[in-house]
Amino acid sequence: MNQPEQAPEAPVQAAGCVLWRRSPVDGGLELCLVHRPKYDDWSWPKGKLKRGEDHLAGALREVAEETGYEAAPGAELSTVCYMAGGRAKEVRYWAAEATEGVFVPSDEVDRILWLPPTAARPRLTQPRDRTLIDELLVRVFERT
């Protein structure tokens with residue numbers, strides 16, 4: 001007896017931001033990386049969408065939850081696709097300027113770092129996250 005073919009599972013939908021600010025010390029560009037102790041990795045603030053949640057709203061919610069900062073969204077950046085736990089995951093990203101806030105460590109994110117782009121690039125655990133730095137510089141700051 002033939003089993004009916006199951007439709008492939010839809011990718012997990014997630015959203016996040018490449019959060020940036022001007023350094024309070026020298027005015028240079030700084031990017032916010034989050035450390036997730038569960039995975040012991042450094043990444044952009046991001047997370048799964050809640051049922052019915054808009055991608056941009058989800059991205060800004062995740063920034064607030066993980067970093068403690070409110071953010072002003074800017075240009076939409078690339079969508080990053082990868083496998084996570086045996087299932088496809090799609091993460092839509094935006095450039096976002098940190099406006100105000102204070103980081104409070106949690107079980108999900110225990111540290112954040114504000115780093116210039118040249119220092120942020122090698123600190124990111126996943127190479128796929130590094131291309132978003134170049135895109136931010138070109139799309140938002142018009143530098144190559």
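Results, tabulated for the structure shown:
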{"item": "Residue list for the range 53-109, restricted to those being closer than 20 Å to I133 by Cβ and among the polar types (S, T, N, Q)", "result": "T67, S78, T79"}
{"item": "So K38, is it assigned to a loop (DSSP other than H, G, I, E, B), in contact with a helix residue (DSSP H, G or I) (Cβ under 8 Å, 6 or more places away or on another chain) and among the basic types (K, R)", "result": "no"}
{"item": "Residues of the range 115-136 satisfying the condition of being under 14 Å from G28 (Cβ atoms) and either without any contact (Cβ under 8 Å) to a residue 24 or more places away in the chain or open to solvent by 50 Å² or more (accessible area, probe 1.4 Å) (or both)", "result": "P116, T118, A119"}
{"item": "Evaluation of G52 against (1) free of Cβ contacts under 8 Å to residues at least 24 places away in the same chain; (2) part of a loop (DSSP other than H, G, I, E, B); (3) over 28 Å from P8 (Cα atoms) (one fails), failing number", "result": "(3)"}
{"item": "Hits in the range 70-86 - residues which are within 13 Å of the chain's Cα centre (by Cα) and of a type outside the set (V, I, T)", "result": "A71, P73, E76, L77, S78, C81"}
{"item": "Hits in the range 64-109 - residues which are closer than 27 Å to R139 by Cα, among the basic types (K, R) and either touching a helix residue (DSSP H, G or I) at 6+ places or on another chain (Cβ under 8 Å) or surrounded by fewer than 14 Cβ atoms within 10 Å (Cβ to Cβ) (or both)", "result": "R92"}
{"item": "Test: residue in the range 67-88 that is in a loop (DSSP other than H, G, I, E, B) and at pLDDT below 95", "result": "yes"}
{"item": "Verdict on S43 being at pLDDT 95 or above, among the polar types (S, T, N, Q) and either touching a Phe, Trp or Tyr at 6+ places or on another chain (Cβ under 6 Å) or within 20 Å of L115 (Cα to Cα) (or both)", "result": "yes"}
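The values are calculated or read from the model by the stated rules, or taken from the named source; none is laboratory data. Source: prediction; values computed, not measured. Please note: Cβ atoms are built from the backbone with ideal geometry, for glycine as well, and neighbour counts cover all protein chains shown. With ligands, DNA and RNA removed, areas are computed over all heavy atoms of the protein, side chains included. Shrake-Rupley method; radii C 1.70, N 1.55, O 1.52, S 1.80 Å.
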